[in-house]
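The values are calculated or read from the model by the stated rules, or taken from the named source; none is laboratory data. Everything numeric here is computed off the predicted structure, so don't read it as measured data. Every residue, glycine as well, gets a Cβ built from its backbone with ideal geometry; the counts of neighbours run over all protein chains shown. For accessibility, only protein heavy atoms count, side chains too; no ligands or nucleic acids. Shrake-Rupley method; radii C 1.70, N 1.55, O 1.52, S 1.80 Å.
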Amino acid sequence: MGIQQILESVTESQVKQGLPRMDVGDTINVHCRIIEGDKERIQVFQGVLMSRKGRGPQEMITVRRIVDNEGVERTFPINSPKISEFEVVRRADARRAKLYFLRDRSGKSRRLRDRRRGLKHVAGLKTAEHA
Amino acid sequence: MIGLIGKKLGQTRVYDPSGRAVPVTVVLAGPNYVVQKKTTATDGYEAVQLGFGEQKEGRLTKPVLGHLTAAKVPALRRLREFRDFTLDVKPGDKVGVEIFAEGDYVDAIGVTKGRGFEGVVKRHGFRGGDMTHGAKGWHRRSGAIGQRLFPGTVMRGMRMPGHMGQVRRTTQNLLVVKVLPEDQLLLVRGAIPGAAGEFVIIRESKKRPKVAAKK
């Protein structure tokens, strides 16, 4: 086994299995486990998936939402045990891999097109809205 | 003082039980073979000589090969003594990462990456000069290195440009995050000296030995 394979085998068990398919542009819910003192609760962060970067155990996603007319972006490690669940709320069509242009948009132009044309591969996939 | 010879494989990160991402260095540290046992009676001090790493027999000199055959161990690449080894072992035994447990503290000894001939800014952290504000040709220099007619000489040990790196260094008090006995791997928190693929020595921490850590 090469060195790289050994390194990957060390972190293999930490990569989460069975995550829903999340593409850039989708609106998703991120369920974060927050520990306050000895109590634990779950906070949901809903927003547009703006970028996915990194591979394997290191993969990070950036989610953007608008709170009180102010853009808020949070970056989550996908495989962190502190995140209990991901949910896809709405699928949308994005032509680029990173939606940083959303930062410069306001009002209606901020919305992303619904996924319809030629995107049969995601047609039927479960989202929180339909469930 | 227990220890092992190992090979630094590289760095990655793992999540601890509380969900925090911990940076770790992965070290292949076994199997180590006990090659020789030195005693006060025969050698004047107590030590255990360990060997690690596969090697072709033809690449070893005959004296070394004879030394290894006497202990009935395979051809090994690196040999190293550990003084006052606290485990009871005899020549021919195998020791591995099992001698460490999660939560132990270790020291990692390795040869740092060679940087070649480096200037004072990189080598000693000098500030150098301004890059702008009219500075011209005086950006990464060290400044004056002496005083006046008295003492009339450059003080000994003055920090100057020169060869950097490729020296033996020890990083102390690193936490053992995980022990993987099947693959003989140790996950040690943080960075350890040297490039990936280099041989390193992982020994019980001098300042936080095993016994104290368990109390």
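Of B:ALA144, B:ALA70, B:ALA196, the residue with the greatest mean-square motion in the GNM of chain B, using alpha carbon springs below 10 Å, is B:ALA144.
In segment A:1-40, the residues whose accessible area drops by at least 20 square angstrom when the other protein chains are added to the isolated chain are A:ILE3, A:ILE6, A:LEU7, A:VAL10, A:THR11, A:GLN14; the probe is 1.4 Å and only protein heavy atoms count. When peptides A:76-87, B:152-163 are sorted by average Cβ neighbour count within 10 Å, with the highest value leading, the order is A:76-87, B:152-163. Note on B:GLN147 and B:TYR45: the extension gain reaches 31.8 nm, defined as 0.36 nm multiplied by sequence separation minus the Cα-Cα distance. Contact residues in segment A:77-102 (at least 40 Å² less accessible area with all protein chains than alone, 1.4 Å probe): A:PRO81, A:LYS82. Spread over its residues, the convex hull of the C-alpha atoms of segment A:17-123 is 120 Å³ per residue.
Report, in listed order, any pair from B:LYS7/B:LYS56; B:LYS94/B:LYS207; A:LYS16/A:LYS98; B:LYS8/B:LYS122 with a Cα-Cα distance greater than 20 Å. Those over the limit are B:LYS94/B:LYS207; A:LYS16/A:LYS98; B:LYS8/B:LYS122. Each Lys and Arg adds +1 at its Cβ and each Asp and Glu adds -1 at its Cβ; summed about the Cα centre, segment A:17-123 shows a dipole of about 760 debye. Here the contact order of segment B:115-165, divided by its residue count and restricted to Cα pairs under 8 Å and six or more residues apart, works out to 50 percent.
Label separation (A:SER106 vs A:CYS32): 2.6 nm, computed from points 7 Å beyond Cα along the C-beta direction. Ordering of B:53-62, A:4-13 by packing is A:4-13, B:53-62, highest average first (other Cβ atoms within 10 Å, averaged per residue). Both the radius of gyration and Dmax for the protein assembly as shown are 28.4, 88 Å, in that order, over alpha-carbon atoms.
Test of the criteria: in segment B:109-146, which trypsin sites (Lys or Arg not before Pro) are in a DSSP loop and have at most 14 other Cβ atoms within 10 angstrom of their Cβ? Loop-located and lightly packed - B:LYS113, B:ARG115, B:ARG127, B:LYS136, B:ARG140, B:ARG141. Computed in the context of the full set of protein chains, the accessible area of segment B:115-165 at 1.4 Å probe radius has 55% of its extent on carbon or sulfur.
Charged side chains reduced to their Cβ positions (Lys and Arg at +1, Asp and Glu at -1) give segment B:115-165 a dipole of some 60 debye around its Cα centre. Among the residues of B:6-14, the average count of other protein chain beta-carbon atoms within 10 Å of the residue beta-carbon is 4. For the B and A pair, go ahead and give the buried accessible area with a 1.4 Å probe, both sides summed, in Å² to 100. Buried surface at the B/A interface: approximately 1300 Å².
Ignoring the sites themselves, chain B has its longest run without chymotrypsin sites (Phe, Trp or Tyr not before Pro) in a DSSP loop having at most 11 other Cβ atoms within 10 Å at B:46-137. Summing charges over neighbours of B:ASP130, with a neighbour being any other residue whose Cβ is under 15 Å away from its Cβ, gives +4 when K and R count +1 and D and E count -1.
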